Amino acid sequence: MAIEALHRRNRSWPQYAVDGWLKLGDLYSGDDINDPQMAIDAYRQAVNAAPQSSKSHVRQQVAAPYREKL
């Protein structure tokens, strides 16, 4: 349910998309779901959605094991 809610929020309120994608990445990278490909895809979406001036800050919020894959 959380995943669907975050996807809906990203679509309906794009100003929150960076946060939503980061949270989705965290969900997918966590022990409960543990889907590395979905995690990296979500983290990439977060970085892509960020303004150029914020991309570095967004990358720092990505879970460490995935940061180098961006």
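Read the figures in this text as sums done on the coordinates, not as results from a lab. All figures in this text were calculated on a predicted structure; none of them were measured in a lab. No Cβ is skipped: glycine too gets one built from the backbone with ideal geometry, and neighbour counts run over all protein chains shown.
Within region 16-33, one or more residues are aliphatic (A, V, I, L, M) and more than 11 Å from the chain's Cα centre (by Cα). The residues listed here are 25, 20, 30; of these, the one that is in contact (Cβ under 8 Å) with a residue 40 or more places away in the chain and either surrounded by 13 or more Cβ atoms within 10 Å (Cβ to Cβ) or touching a helix residue (DSSP H, G or I) at 6+ places or on another chain (Cβ under 9 Å) (or both) is 25.
Assess whether residue 2 counts as being among the hydrophobic types (A, V, I, L, M, F, W, C), surrounded by 15 or more Cβ atoms within 10 Å (Cβ to Cβ) and more than 10 Å from the chain's Cα centre (by Cα). So residue 2 does not fit the description; no. Out of region 1-32, which residues are over 17 Å from residue 70 (Cα atoms) and either in a loop (DSSP other than H, G, I, E, B) or of a type in the set (Ser, Thr, Tyr) (or both)? Matches in region 1-32: 1, 12, 13, 16, 30, 31, 32. Take the residues of region 33-59 that are β-branched (Val, Ile, Thr) and either touching a strand residue (DSSP E or B) at 6+ places or on another chain (Cβ under 9 Å) or more than 14 Å from residue 69 (Cβ to Cβ) (or both): which is surrounded by the fewest Cβ atoms within 10 Å (Cβ to Cβ)? Looking at residues that are β-branched (Val, Ile, Thr) and either touching a strand residue (DSSP E or B) at 6+ places or on another chain (Cβ under 9 Å) or more than 14 Å from residue 69 (Cβ to Cβ) (or both), I get 33.
For region 33-70, the tally of residues that are within 16 Å of residue 14 (Cβ to Cβ) and either among the hydroxyl-bearing types (Ser, Thr, Tyr) or not in a loop (DSSP other than H, G, I, E, B) (or both) stands at 8.
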